[in-house]
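Peer 1: I have a structure here, written as structure tokens, and I will follow up with some questions on it.
Laboratory data are not the source of any read-out in this text; all were calculated from the coordinates shown. This structure is a prediction, so every number in the text was calculated from the model and none was measured. Cβ placement follows ideal geometry from the backbone for every residue including glycine, while neighbour counts extend to all protein chains displayed.
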Amino acid sequence: MLKITKFGGSSVANATQFKKVKNIVESDPARQYVVVSAPGRRTASDNKITDLLYLLDAHRHYHVDASNVTKIIRERFLSIKEELGLQINMEKELDEFFANLSKMTQAEIVSRGEYFCAKMMAEYLGYAFVDAADVIRFKMDKSIDWEATTAKVKAKCAKYDHFVFPGFYGTDANGHIQTFPRGGGDITGAVLARCIDADIYENWTDVSGFLMADPRIVKNPEPITHITYSELRELSYMGASVLHEDAIFPAKEKNIPIHILNTNRPQDKGTIIQENIDQPSEYPITGIAGKTGFTSILVYKKHMSNEVGYIRKVLSILEEYHISIEHIPSSIDSFSIVVADKDVEDILYEMVARIKSELKPNRVRAKSGLALISTVGRNMSSKPGTSGRLFGALGANHINISMIAQGSDEMNITVGVKEEDFKKTIQVIYDTFVTKKGE
């Protein structure tokens, strides 16, 4: 058994968390290769090191005194070093870093949180330190150079039985530091897992995996023990975020299970993400997620079905404004385009006016205040009456459905409701399929 074990920012926020990481790593000999993020928040009012580094870069860029920021960063790292009794000369490392800020790019600066954290963690665990800059290679188009990266990862694994690896960055084709998007430490772990064909990719964070609904809406929702990559994509897109979405793809390509676990509660089962799941689900659905802040643009034209390319012409107008489309529910003579409020707040009426003048529909109407809720489950297609139960439950609770969309794979049902019904809708769906359980 070979595992890539990644610890997020909350898992390395201070010396106490470092100790938890060590206990976890040493409890399983399969945890040979460890990836770490930069130290995260210790409390709700605290700062993430990466946020401080972005702030430091802004101070540098605008020639503003950054001594207060450098002081906080220095104290964070030195407090971990001193409490753990580490020998690494962090004072020198930090002095050199701050002295060379003017020569560094933003990517170099913000990557140092992971770099310094990995160096300290390597000493604390007694593992080798391997710099991501020497291993992960990006192409000119910023995609990963899999051939070069895989060769370098395998070479490091052949050289070291154990190592600690900083997440979030690598080097581009010109040898300069390049970062992944924020949260990219998750991607780094998945990249390493893919390169060495790991048996499992463990992602340790501050939650015990995914829950079937938002705990801020549903009290004590059931945990999701197993979920497919496809279900995760659906739920993540609708706001159920625990893992960076881009971290799914490298593992999915090799069908490597991703195990989400809680550093603060290592005894919890967590959530296993895997495309092929043999274990039967206890519930007819896997999870519920949703978002508010959508607008529906209704376009109606008599005999529209006889006019070739009409919908395409409307969509081309939205494309000119670079608007991403969420859903397009349609009927014979009308269709609606659902878009995010934030994408159209300054141009909505301009777009509607263009649709009216250029395409001459009988009616165009924009309606905001829409919420979208997705009910997701790999088992829904094999359980007749699932959609009927969902719609019946919403009707019985006097929730009006403005829009319905179902994926072609029958894995999700998305409904649009008024924003004021958002929380109530999620609670009703949860009660229907989980609390009552029924088949």
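Peer 1: Order by neighbour count: Cys117, Cys195, fewest other Cβ atoms within 10 Å first, most last. If you can, show how the numbers build up before the last one.
Peer 2: Working: Cys117 27, Cys195 23.
By the 10 Å Cβ count, ascending, the order reads Cys195, Cys117.
Peer 1: How high is the relative contact order of region 294-439, in percent, with contacts defined as C-alpha pairs under 8 Å that are six or more residues apart?
Peer 2: On the way: 204 pairs, mean separation 36.0, N = 146.
Relative contact order for region 294-439 comes out at 25 percent.
Peer 1: Can you give the charge dipole size of the chain about its Cα centre, rounded to the nearest 20 debye, using +1 on the beta carbon of Lys and Arg and -1 on the beta carbon of Asp and Glu? Mind showing how you got there, number by number?
Peer 2: Details: 54 positive and 57 negative charges, 130 e Å.
The calculated dipole for the chain is roughly 620 debye.
Peer 1: What dipole magnitude, in Debye to the nearest 20, does region 132-258 give about its Cα centre under +1 on Lys/Arg Cβ and -1 on Asp/Glu Cβ?
Peer 2: The dipole of region 132-258 has a size of about 260 debye.
Peer 1: Below 8 Å, C-alpha to C-alpha, sequence gap of six or more: please give me the relative contact order for the chain in percent. Intermediate values should be presented prior to the final figure.
Peer 2: Working: 841 pairs, mean separation 57.7, N = 439.
13 percent.
Peer 1: Oh, and also: If a/c stays under 1.5 just call it rounded; otherwise compare a/b with b/c (prolate if a/b is bigger, oblate if not). Do that for region 287-435, with a ≥ b ≥ c from the square roots of the Cα gyration tensor eigenvalues. List each step's numbers first, then the result.
Peer 2: Numbers: a/c = 2.29, a/b = 1.78, b/c = 1.29.
Because a/c hits 1.5 or more and a/b exceeds b/c, region 287-435 counts as prolate.
Peer 1: With θ taken as phi - 60° and the coefficients 6.51, -1.76 and 1.60, list the Karplus ³J(HN,Hα) couplings across region 128-140 in order, rounded to whole Hz; mark glycine and proline as x.
Peer 2: 6, 9, 10, 7, 4, 5, 8, 10, 7, 10, 9, 7, 4
Peer 1: Of the options Tyr160, Pro221, Phe422, report the single residue whose Cα projects farthest towards the positive end of the charge dipole of the chain (beta-carbon charges: Lys, Arg +1; Asp, Glu -1).
Peer 2: Phe422
Peer 1: When the distances between all Cα atoms of region 210-360 are binned every 10 Å from zero, what whole-number percent does each bin get?
Peer 2: With 10 Å bins starting at 0, P(r) equals 9, 29, 23, 21, 14, 3, 0.
Peer 1: Sticking with this one: Go ahead and set up a Gaussian network model of the chain, Cα springs under 10 Å, then flag whichever of Gly185, Gly293, Gly388 fluctuates most.
Peer 2: Gly388
Peer 1: Report the trypsin sites (Lys or Arg not before Pro) located in region 373-439 that are in a DSSP loop and have at most 12 other Cβ atoms inside 10 Å of their Cβ, or state none.
Peer 2: Lys436, Lys437
Peer 1: Considering just Cα atoms, how many Å³ per residue does the convex hull of region 230-283 enclose?
Peer 2: Details: hull volume 6.0 nm³, N = 54.
In region 230-283, the Cα hull volume divided by residue count equals 111 Å³.
Peer 1: Ok, one more. Largest first, please: the extent of the C-alpha atoms of region 99-197 along each principal axis, to the nearest Å.
Peer 2: Its Cα atoms span 37, 32, 22 Å along the three principal axes.
Peer 1: In deg cm²/dmol and to the nearest 500, what is the mean residue ellipticity at 222 nm of the chain if only DSSP H runs of at least 4 residues count, each as -39500 (n - 2.57), divided by the residue total? Could the numbers behind the result be given before it?
Peer 2: On the way: 14 runs with 160 residues, N = 439.
When only DSSP H runs of four or more count, the value is -11000 deg cm²/dmol.
Peer 1: Lys/Arg Cβ at +1, Asp/Glu Cβ at -1, dipole of the chain taken about the Cα centre: which of Gln267, Ser336, Pro280 is farthest positive-ward?
Peer 2: Projecting each Cα onto the dipole axis, the largest value belongs to Ser336.
Peer 1: While we're here: Pick out which of Lys154, Lys19, Lys356 has the largest mean-square fluctuation in a Gaussian network model of the chain, springs linking Cα atoms closer than 10 Å.
Peer 2: Lys356
Peer 1: Here's something else I'd like to know. Starting from the Cα gyration tensor of region 3-273, take the square roots of the eigenvalues, sort them a ≥ b ≥ c, and report rounded, prolate or oblate (rounded when a/c is under 1.5, otherwise prolate if a/b is larger than b/c, else oblate).
Peer 2: Working: a/c = 1.44, a/b = 1.27, b/c = 1.13.
Note, shape of region 3-273 comes out rounded.
Peer 1: Please get the size of the charge dipole for region 1-149, origin at its Cα centre, with Cβ charges of +1 on Lys and Arg and -1 on Asp and Glu, quoted in debye to the nearest 20. If you can, show how the numbers build up before the last one.
Peer 2: Numbers: 21 positive and 21 negative charges, 79 e Å.
That gives a dipole near 380 debye.
Peer 1: Given Ile73, Ile401, Ala190, which one lies farthest toward the positive end of the charge dipole of the chain, if we put +1 on the Cβ of every Lys and Arg and -1 on the Cβ of every Asp and Glu?
Peer 2: Ile401
Peer 1: Relative contact order for region 233-371 using alpha-carbon pairs under 8 Å, separation at least 6, rounded to a whole percent?
Peer 2: Numbers: 166 pairs, mean separation 37.1, N = 139.
Over region 233-371, the number comes to 27 percent.
Peer 1: I want to verify a result. In a Gaussian network model of the chain, Cα cutoff 10 Å, which of these has the top mean-square fluctuation: Thr70, Thr205, Thr271?
Peer 2: Highest fluctuation of the listed residues: Thr70.
Peer 1: Something else: By its C-alpha gyration tensor, with a ≥ b ≥ c as the square roots of the eigenvalues, how is region 329-382 shaped: rounded for a/c under 1.5, else prolate for a/b larger than b/c, else oblate? Please report the intermediate quantities before stating the final value.
Peer 2: Numbers: a/c = 3.75, a/b = 1.72, b/c = 2.18.
Cα axes put region 329-382 in the oblate bin.
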